[in-house]
Structure formats: C-alpha cells, structure tokens
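Participant: Quick one: the structure is below, questions incoming.
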Amino acid sequence: MEHSAVAVFAVSGVLAARGKRIDLFGALVLALVTAFGGGTARDLLLGDLPVAWIRDATLLLTATATAVVGFFMVPVVEVPGRLLVFADACGLALVTIIGTEKALGLGAAPTIAITLGVVTGVAGGILRDVLVGEIPLVFRRDTNLYATAALCGAAVFVALESWLPGREVSAPAGAAVILGLRLAAIRWKIVLPELR
Amino acid sequence: MEHSAVAVFAVSGVLAARGKRIDLFGALVLALVTAFGGGTARDLLLGDLPVAWIRDATLLLTATATAVVGFFMVPVVEVPGRLLVFADACGLALVTIIGTEKALGLGAAPTIAITLGVVTGVAGGILRDVLVGEIPLVFRRDTNLYATAALCGAAVFVALESWLPGREVSAPAGAAVILGLRLAAIRWKIVLPELR
Amino acid sequence: MEHSAVAVFAVSGVLAARGKRIDLFGALVLALVTAFGGGTARDLLLGDLPVAWIRDATLLLTATATAVVGFFMVPVVEVPGRLLVFADACGLALVTIIGTEKALGLGAAPTIAITLGVVTGVAGGILRDVLVGEIPLVFRRDTNLYATAALCGAAVFVALESWLPGREVSAPAGAAVILGLRLAAIRWKIVLPELR
C-alpha cells in the first residue's frame, strides 16, 4: 500500500520537471522529495528518527525505479490526465491516514495528529513546487479542495478511532472521505475562499 | 507571552498571501509556517524533539484561530502599517530571546546560542517568503536592520547572562536592544552594506 | 579538511547573493546555508542530533569569517572562474565522502549511505538556490554532471569499503572519482538526458 503511494507521488515529482530544462538527476530528486517529503517532515517533527525511508531501503528503491521509468516514459506514453488526478487522490488519502495514525500511535493530541496527517499528505508536493520555483499548488484556489479534503478525512479518522479503536472502520472511512471530497471538489469545482 | 508572538507572526503569514490567488488553506499554512518555522528549526537543530508546537497543542490553536480571524478581517479592517511593524518588532524581540535562552539551557556554546536565537527569530519569515516565491525580506537591504537587530540583542542577552544569571536583567535588556535597534533602523533608514 | 570544504561552500553562498540587492546579513545566511545545509540534512535524516555544526562551534566560526571576508573581497578581487569551479569540485568530493562514511558508520544500508552522501554534497547548494528564487543548479542540464559525479564516487567508496575496510583506499578513491568525473564533465560537456 505504502509503496503504491510512494510510486504515485514519485511520478508527480517527475512530471513537475517538464519544460524546465531539468535533467534526469533533477527529476529524480523531485520524485524523491515528493514521495518522501511528507513522511520525512512528520518523522522530523515527531522526533521519530532516523526517518522512515532511511530505515526501510525498499521505499527508496520503489521511488527511484518509478522515477527512472517515468522519466523515460513521460515523453512517449500519453497518460490520461484524469487517471493521474485519480491516482494522486488515492495517494493523498492513503498517505494522510497513515500519517495521522502514526502520530496518534506516538501519543500526539488529536488536533496535532490531524495536522501531522495533513503534513504527511501535502508537504512533499509543497517542497516539489518550491524546488521548481512555483507557488505550491495546494495553496492555490484553482486546485480545488486538496489539503482541506485531507484535513476532513484525518478528522473523521481520529473521531472514529476514539469511538471504535482498531482501524478496521476508521482507516477506510477516513480515506474514503478524503478521496470522495477531493474528487467531488474537482467534479463540481468546489473551492475555498481566496484572500482579496 | 509566547502566544502573543505566535499570533503576531501568524498575521504576517496571512498578509503574505495577499494578491497571490492563495486560498484559506494556503493562508493558514503560511501563518503556521511563519509562526512555528523558527522554533521548529531551532528544536530540530538542537534535537529537542518532538518540536515545541507538537508538545503544546494550545500553540497550534492560537495560530490557527488568529490566522482564520485574520483571513476574514484583512480585506475589511484597515490596520495601520506602523502598528504591524511595531507588533512584528515586538514578536522578533520576544522570540529571539526565548530561542537564545532555550539553546543556552540545552548547553549550546555562546556563539551557537546566539545563532539559534536569530534562527528562531527569522527562519519563519524566510520560509514564508520562499513559499510565496520571493527572496526573503530579511536578506534585502531595504528591510533595514532586522536579523542584525536580533543578533545584537541575543549577544547582549548571552553576555549579561554570564555576568548576572537568572534572566531578570538579561532577558528584558536583550529584548529592548532588539526592539530599539529595529525601530531605530526603520526610523533613520539604517542599512547594512549590499553586495555589489 | 572539513573546514576547507566549509569555506569553499561559504564562498559559493556569498557569490549567489550578487545582483540581488541582498545585504551582508543575507549573504551570511546564504553562506551558512550552503556550507551547513547538506550536513544538517544528513544529520536530521539520520537522527544524529544536535547537528554537527551545533556541536563543533569552530565550524560556524570558519564559515562566518569566510563569508564576511568574501563579502568585502568579491567586488574588489577578480577570482578566476576556473579556480572557483575547481575548489567547488574538491568541496563536493570531500563532503560527499564524509557524508557517506558517516551514514555507513551509523549503520545505514549501502544504498541509503550513498543517497545520504549525495544529500550531504548537494543539499546546501539546492537550499542556496531556492533562497534566491532560482531552480537549483544541480537540477539543470547545463551544469554538467554534478550530483551524478557525487553518486558514482559515493558508490565506489561504499563498494571498496566492503572489500577493503579502513578508508585508506576507499576514501581517496571515491573522492578521486567525484573530482575526476566532475572535471571531465565540464571539460567535455558531458550531460544527462533532459525531460522533453
């Protein structure tokens, strides 16, 4: 499960390199930063070190292999944009719930666990955008609900965990809220207010 | 005290979102990054983990509430620029001294403690500016003394602490130096040399 | 040895401030970030805290002194570009091998140790470029092999260490590979493929 989220985020990192005269290494770094940025931020903030991808070297392998394959396939294969958006929404749902769960498990307060879940879900994409010199996509109104979807799903997960601990119900429910809200927001162009 | 500094910095984060098509969530992240960036950097570098705002969830509450209120008030209420600058200078003074003191307390050498004090004071603003795609304000000549004021005040604090330990004298004196230098630099346009 | 690498990287940080209306303090921060960014990232990821430059205050002294001297000399003294490139390549070689070795010593798997060696070598420059609003130099095709040279040298070092532990052979060999590849790539304009 975690490996598939890592792969999806790695592809989104490679895609950010398009049109910017970035070489294979740059694309690889963008892939790794997008894939591991969120989990790394969470582990650093919690002090759970070394961070996850340093302890489990297979994650690095998955991200690197995906990035290299993606690098050479991007110019050749036409992947439908909708598929990418759907895969990314699944990755967001998965990674946010994993992050929230980990923070709860390490004793974080509910509001902190929700925040760290959102950090896990969105920090990689923020770093990716900063590295290519753009204002992060998740900050922008026209992205539709993204972090907000993660926030709602993480909150549902934490609430259900306190009622029915054990993750069998809470984890799928939280992930479904994220996926559903994200896709609905894209479909019906739901946006947050913007600062005038 | 710390909560008021958090609130001031959170407002400066929200204000950075103006005119950039950033939505409520983006403004909230900018507020949190500005408010907690410096302390987070300090705690990470020192290895004092989990970082402060993870241990004390009330800080997150203060920053979030301030950011949300600020988001909806910014377009409506006209706050005088001078008040913002004064509040920010107070925040800088407070946060720098708290950061220096914490580093000293964890056994850092004097030069390191001063450096970490400055990091605590300015890193949040640097991150805020990077996230909206601008060269950090504190690097720029026309900002007048900002980090330099923090540096001098932190040095005064460390020097006084070695003479008269106990913070009763050293902390207010260090903070006064920062506030005084910062306001004097704005008033009389004192600047550092620029790289030609 | 480490101090000379710190000095070389600090100069590259100061040079990044040219033409951007950045003052002495901004140039100093850029110098410190470039000099310590890589080692700080490595120590954070590994959880070896406080980070190196906090434990050994002489490193901060070296970087600060170099940055201040460099700041006032840059507009006056004409340093040949080739010398800067050569010094930077030496710094990259040294810092990458030190980083790889440290990660191995803390029990990281070979692929992770190589990755952390590259992080140690290039993260400072990436942060420097992000802080002045540019796409990192190491991501760009026209930089010729940079991180790739670091990667190959770190891999050679790790491979030789497993055969002939003790660093007498492996460390100079790994560093020589980095230096040789980097200089050869510049001389013969060797580049990685770019994403079309």
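The values are calculated or read from the model by the stated rules, or taken from the named source; none is laboratory data. Given the structure is predicted, the values throughout are model-derived calculations rather than measurements. So basically every Cβ, Gly included, is an ideal-geometry build from the backbone, and we count neighbours across all protein chains shown. When the accessible area is computed, the model is the full protein with side chains, heavy atoms only, and any ligands, DNA or RNA have been set aside. Shrake-Rupley method; radii C 1.70, N 1.55, O 1.52, S 1.80 Å.
Participant: In the range C:17-36, which residue that is in contact (Cβ under 8 Å) with a residue 40 or more places away in the chain and surrounded by fewer than 23 Cβ atoms within 10 Å (Cβ to Cβ) is farthest from C:Leu60 (Cα to Cα)?
Facilitator: Filtering the range C:17-36 for residues that are in contact (Cβ under 8 Å) with a residue 40 or more places away in the chain and surrounded by fewer than 23 Cβ atoms within 10 Å (Cβ to Cβ), the one farthest from C:Leu60 (Cα to Cα) comes out as C:Lys20.
Participant: So how many residues does the range C:180-196 have that are in contact with a helix residue (DSSP H, G or I) (Cβ under 9 Å, 6 or more places away or on another chain) and within 7 Å of chain A (Cβ to nearest Cβ)?
Facilitator: So the answer is 5.
Participant: What is the one condition in (1) modelled with pLDDT under 95; (2) more than 22 Å from A:Ile22 (Cβ to Cβ) that C:Thr111 does not satisfy?
Facilitator: Looking at each condition in turn, C:Thr111 falls short on (1).
Participant: Now for a separate question. Assigned to a helix (DSSP H, G or I) and either open to solvent by less than 60 Å² (accessible area, probe 1.4 Å) or under 20 Å from A:Arg128 (Cα atoms) (or both): does that describe C:Val191?
Facilitator: no
Participant: Here's something else I'd like to know. Let me confirm something: among B:Val85, B:Val158, B:Val177, B:Val118, which residue is over 16 Å from the mean Cα position of the chain (by Cα), part of a helix (DSSP H, G or I) and more than 8 Å from every other protein chain (Cβ to nearest Cβ)?
Facilitator: Residue meeting the stated conditions: B:Val158.
Participant: Another question, then. If you take the residues of the range B:114-154 that are open to solvent by 40 Å² or more (accessible area, probe 1.4 Å) and not aliphatic (A, V, I, L, M), which of them is modelled with the highest pLDDT?
Facilitator: Out of the qualifying residues, it is B:Cys152.
Participant: Out of (1) crowded, with 22+ Cβ neighbours inside 10 Å; (2) within 14 Å of chain A (Cβ to nearest Cβ); (3) touching a helix residue (DSSP H, G or I) at 6+ places or on another chain (Cβ under 6 Å), what's the single condition that is false for C:Val51?
Facilitator: Checking C:Val51 against (1) crowded, with 22+ Cβ neighbours inside 10 Å; (2) within 14 Å of chain A (Cβ to nearest Cβ); (3) touching a helix residue (DSSP H, G or I) at 6+ places or on another chain (Cβ under 6 Å), the one that fails is (1).
Participant: List pairs: first residue in the range B:158-185 and farther than 15 Å from B:Gly121 by Cα, second residue in a helix (DSSP H, G or I) and open to solvent by 60 Å² or more (accessible area, probe 1.4 Å) anywhere in the structure, Cβ distance under 7 angstrom, at least six positions apart or on different chains.
Facilitator: B:Val158/B:Pro110
Participant: Take the residues in the range A:90-113 that are assigned to a loop (DSSP other than H, G, I, E, B) and open to solvent by 30 Å² or more (accessible area, probe 1.4 Å); name whichever of them is nearest to A:Ala154 (Cα to Cα).
Facilitator: In this case the residue turns out to be A:Ala109.
Participant: Mind checking whether some residue in the range B:45-58 is touching a residue at least 60 places away in the same chain (Cβ under 8 Å) and either under 14 Å from the mean Cα position of the chain (by Cα) or closer than 20 Å to A:Leu127 by Cα (or both)?
Facilitator: yes
Participant: Residue under question is B:Val138, and the condition is that it be free of Cβ contacts under 8 Å to residues at least 40 places away in the same chain, touching a Phe, Trp or Tyr at 6+ places or on another chain (Cβ under 6 Å) and within 14 Å of chain C (Cβ to nearest Cβ); does it hold?
Facilitator: Spelling it out, B:Val138 is indeed free of Cβ contacts under 8 Å to residues at least 40 places away in the same chain, touching a Phe, Trp or Tyr at 6+ places or on another chain (Cβ under 6 Å) and within 14 Å of chain C (Cβ to nearest Cβ).
Participant: Hey, which of the helices (runs of 4 or more DSSP H) in the range B:1-58, taking only ones fully inside, have at least 1 residues that are basic (Lys, Arg) and closer than 21 Å to B:Glu101 by Cα?
Facilitator: In the range B:1-58, the matching helices (runs of 4 or more DSSP H) lie at B:24-46, B:52-55.
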